[in-house]
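Chemist: Okay, handing you the structure first.
Read-outs throughout are calculated quantities, based only on the coordinates presented, and are distinct from any laboratory measurement. A quick note: this is a predicted structure, and the numbers were derived from the prediction, not measured. Counting neighbours? That spans all protein chains shown, and the Cβs are built from the backbone with ideal geometry, glycine included.
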Amino acid sequence: MKAVVLIILCCVLQVAVRGQDSTNKVKQYKNVVRYNLSGALLFGIDKYVVMGYERLVRPNQSFSINIGAVELPRFVSIITDSLELSKDVKSSGFNVSIDYRFYLAKENKHAAPHGVYIGPYYSFNQFNRKNQWDFTNGTDFINTDSKFTINTIGFELGYQFILWKRVTLDLLMVGPGVGIYNYKATFDDNLDPAVKEQLRDGLQQLLTQKFPGMNYVFSDKEMSANGALKTTTLGYRYIVQVGFLF
């Protein structure tokens, strides 16, 4: 009889322990909303507002998208022989990027989306800018319109931390790829050829000196007579994002 009671007690204790383990099991949240902190710090909080959403589609895989409004940094202090950049009349732009992440189960002791991840990505940026240039003798001014697009496709490696159970810190540390850079500026066709040449020189200075990394991208390129500047070269992606897990 004692043996039977002992067996029953052991069974009850085993069921209780299993029930407690299932109660204490950490829930795997599948969604993250986030804010691109690195872009805001680089371009300005008021000029780079990109939000993102990540969704687990499998236990160790996720799909994410980022989208938002972006602007180039304010351009100042560009002077040619007879022209000076006086002001930025209008500036706008947008960013869209997507990636697919594989969280490495063998490398991570936590459930996704916490831990090391790898995967492909695609990013598109477009920047529009209207500038006013004044002649240094003060007689007149010229407006220029420019559009700059960047398409990048590549492969990324990153780590996402989960802090205080619900706050995420996403560090996309390595993101090599191929970038297609296309810059096009338009201005009045009736301008004197010498003035056009100065405008092209000034616009290229704006792009390569004021936009981070473009001095490398366009280091061996010259703007064409019609205001175009194109190249395909190595691209790179580095992002720091903060978010909320739910």
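Chemist: Using only the alpha-carbon atoms, how far is helix 2-24 inclined from the longest principal axis of the chain? Give it as 0 to 90 degrees, nearest 10.
Modeler: Compared with the principal axis, the helix lies near 10 degrees.
Chemist: Okay, next question. Using the alpha carbon gyration tensor of the stretch 28-245, what are the three equivalent-ellipsoid semi-axes (square root of 5 times each eigenvalue), largest first, in whole Å? Can you show the working numbers first?
Modeler: On the way: eigenvalues 342, 55, 29 Å².
Its equivalent ellipsoid spans semi-axes of 41, 17, 12 Å.
Chemist: Sequence neighbours fewer than 8 away in the same chain don't count; with that in mind, list the aspartates and glutamates whose C-alpha is under 18 Å from residue 184.
Modeler: By straight Cα distance, residue 184 reaches 71, 88, 145, 197, 201, 220, 222.
Chemist: Got a sec? Which residues in the stretch 87-126 would a label at residue 51 touch, if it sits 7 Å along Cα→Cβ and we count backbone N under 16 Å?
Modeler: What the label zone holds, given the 16 Å backbone N cut-off, is 95-97.
Chemist: While we're here: With each label point set 7 Å from Cα along the Cα-Cβ vector, what nm distance links residue 230 and residue 164?
Modeler: 5.0
Chemist: In what sequence do 164, 133 fall when counting other Cβ within 10 Å, fewest first? Walk me through the numbers on the way to the answer.
Modeler: On the way: 164 6, 133 25.
So the ranking, lowest neighbour count to highest, is 164, 133.
Chemist: Give me the distance between the Cα centres of the stretch 33-68 and the stretch 110-145, rounded to whole Å.
Modeler: So the separation of the two Cα centres works out to 16 Å.
Chemist: Then there is this: Fully extended, how many nm does the chain gain between residue 33 and residue 105 (0.36 nm per residue separation, minus their Cα-Cα distance)? If you can, show how the numbers build up before the last one.
Modeler: Numbers: separation 72, 0.36 × 72 = 25.92 nm, distance 2.25 nm.
Using 0.36 nm per residue and subtracting the Cα-Cα distance, I get 23.7 nm.
Chemist: What range in the chain is the longest one free of GluC sites (Glu not before Pro) that are in a loop by DSSP and have at most 15 other Cβ atoms within 10 angstrom? Could you put the intermediate results ahead of the total?
Modeler: Working: sites that count: 107, 222.
Longest stretch, sites excluded: 108-221.
Chemist: Write out the trypsin sites (Lys or Arg not before Pro) in the stretch 121-200 meeting two conditions: DSSP loop, and at most 11 other Cβ atoms within 10 Å of their Cβ.
Modeler: Values: sites: 129, 130, 147, 165, 166, 184, 196, 200; in loops: 165, 166.
Those satisfying the criteria are 165.
Chemist: Hey, what angle do you get for helix 193-210 against the long axis of the chain, alpha-carbon based, 0 to 90 degrees rounded to 10?
Modeler: Helix 193-210 and the main axis of the chain meet at about 20 degrees.
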